[in-house]
Ligand code: GLU
């Protein structure tokens, strides 16, 4: 990632632009454009060879006006305080727009998971969670999976917290295994949300999914599920990529033949699927109906935005489009479903999991998927309508809804003391 890029500055720029449009009261802006709490922790881990290594960890809570903080924990060498602050802020808007009773949080550890054994990963996870335990809890801040973290890690988090408080706390994290109070449908939820957004917007543009060419960047949990579900809908997946490479096939790729989150080059979509190997930039520039960036932030930038030929962009990742690139897409008439709308499926089903855990009452997968679909479509429709009415981008319209709710909550609660 380039040195000068700051995800948090990007998040603030997006906020400032819409706050101006909304003529938001100046005194609330300073409250909403900074995180309310950031915790930095040093995580010592005993490695398999007996040595001790330390890792930098973070948990940031951007805003809790609408409810406890909510948001994932990622393990990556891109993790920094700047990044978690941005991601926590985006979580505030995501939860607000979705209409669920949470504020925004995010956490992470600076680590390359590929270099850890299973035992090291477990010890790192448990110690990190013990360190952030001072600010998390079922009614305070509820973490969840994010990049390179999964249900197995959530089980260790939940167990660590529960051991420390002397009772099992199902509500402390979401994205848990089903046997530990996880929700059916949570694993696929973010990718399913990307699929629901794609099908909804294809419909609005009068494109039959069966005639749609789709390109997906990233084959982790989000990209892989989105690819498989859109493939099931009859879309033609013409381009796919992961950390090791990208592949293009105009006749269509079958994502079921690939391996989710490849850990070695041989398992890359570019090696397993038949087609032409291309670069990441060539992938983003493919002629297609839908481009879904489902990998990292800062992928569509001033440098490559002009080469994008998609009609619709559905942001599965958080922050994949820089404000400069976004401006170009708006001018060019490309319809962009912003991240905090299109990838909200994960946190929406996390909300369902949290409710189920607190109530000790569990729903069927069909119930979960139906509720997710209803809420996602309702949110996409309201954002699309406002964007049309005011002749603004879907991102700006989504921000207006999201910021308004948090600003109202902040004003109504008042500033303590
Ligand atoms: N990490 C996911 C996100 O960025 C899910 C967060 C959650 O479920 O709390 O939306």
Would a scan of the range 345-359 turn up a residue that is in a loop (DSSP other than H, G, I, E, B) and either over 23 Å from residue 67 (Cα atoms) or touching a helix residue (DSSP H, G or I) at 6+ places or on another chain (Cβ under 8 Å) (or both)? no
Restricting attention to the range 91-134, report how many residues are more than 15 Å from the ligand (Cβ to nearest atom), out of contact with any helix residue (DSSP H, G or I) (no Cβ under 8 Å at 6 or more places or on another chain) and under 23 Å from residue 36 (Cβ atoms). 4
Among the residues of the range 195-219, which ones are outside any helix (DSSP H, G or I) and either modelled with pLDDT under 95 or buried (at least 23 other Cβ atoms within 10 Å of the Cβ) (or both)? 212, 214, 215, 216, 217, 218, 219
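For (1) within 25 Å of residue 77 (Cβ to Cβ); (2) in contact with a strand residue (DSSP E or B) (Cβ under 7 Å, 6 or more places away or on another chain); (3) within 11 Å of the ligand (Cβ to nearest atom); (4) in a loop (DSSP other than H, G, I, E, B), each residue gets a yes or a no:
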| position | (1), (2), (3), (4) |
| --- | --- |
| 149 | yes, yes, yes, yes |
| 156 | yes, no, no, no |
| 159 | no, no, no, no |
| 163 | no, no, no, no |
Residue selected from the range 262-298 under the condition within 16 Å of the ligand (Cβ to nearest atom) and at pLDDT 95 or above, by the criterion farthest from the chain's Cα centre (by Cα): 292
Checked the range 376-407 for anything over 20 Å from the mean Cα position of the chain (by Cα), assigned to a helix (DSSP H, G or I) and under 19 Å from residue 14 (Cα atoms); matches are 384, 386, 387, 390, 404, 405, 407
Consider residue 43 against the criteria (1) over 19 Å from the mean Cα position of the chain (by Cα); (2) under 23 Å from residue 158 (Cβ atoms); (3) surrounded by fewer than 21 Cβ atoms within 10 Å (Cβ to Cβ); (4) touching a residue at least 60 places away in the same chain (Cβ under 8 Å): it satisfies all of them except one. Which criterion is unmet? (3)
Test: residue in the range 384-392 that is under 22 Å from residue 72 (Cα atoms) and in contact with a helix residue (DSSP H, G or I) (Cβ under 9 Å, 6 or more places away or on another chain): no
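Return the residues of the range 10-23 that are part of a helix (DSSP H, G or I) and over 13 Å from residue 321 (Cα atoms); say none if nothing qualifies. Talk me through it step by step, then tell me what you get.
Just the residues of the range 10-23 that are part of a helix (DSSP H, G or I), to begin with: 10-22.
Scanning the range 10-23 gives 12, 15, 16, 17, 18, 19, 20, 21, 22.
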Search the range 89-109 for residues being touching a strand residue (DSSP E or B) at 6+ places or on another chain (Cβ under 6 Å) and closer than 17 Å to residue 298 by Cβ, and hand back the single one that is surrounded by the most Cβ atoms within 10 Å (Cβ to Cβ). 106
Apart from one, (1) within 18 Å of the chain's Cα centre (by Cα); (2) within 21 Å of residue 101 (Cβ to Cβ) all hold for residue 337; the odd one out is (2)
Expected output for the range 340-369 (first residue within 21 Å of residue 89 (Cα to Cα), partner modelled with pLDDT under 95 and buried (at least 24 other Cβ atoms within 10 Å of the Cβ), Cβ below 7 Å, 6+ apart or cross-chain) is 343/318
For residue 318: the one exception among (1) crowded, with 16+ Cβ neighbours inside 10 Å; (2) modelled with pLDDT of 95 or more: (2)
Six or more apart or on different chains, Cβ atoms under 6 Å: show the pairs whose first residue is in the range 66-90 and under 20 Å from residue 126 (Cα atoms) and more than 9 Å from the ligand (Cβ to nearest atom) and whose second is at pLDDT 95 or above and part of a helix (DSSP H, G or I). 75/113
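The values are calculated or read from the model by the stated rules, or taken from the named source; none is laboratory data. If you're wondering where the values come from, they're calculated on a predicted model, not measured in any experiment. Because the Cβ atoms are built from the backbone with ideal geometry, glycine has one as well, and the counts that use them run over all protein chains shown.
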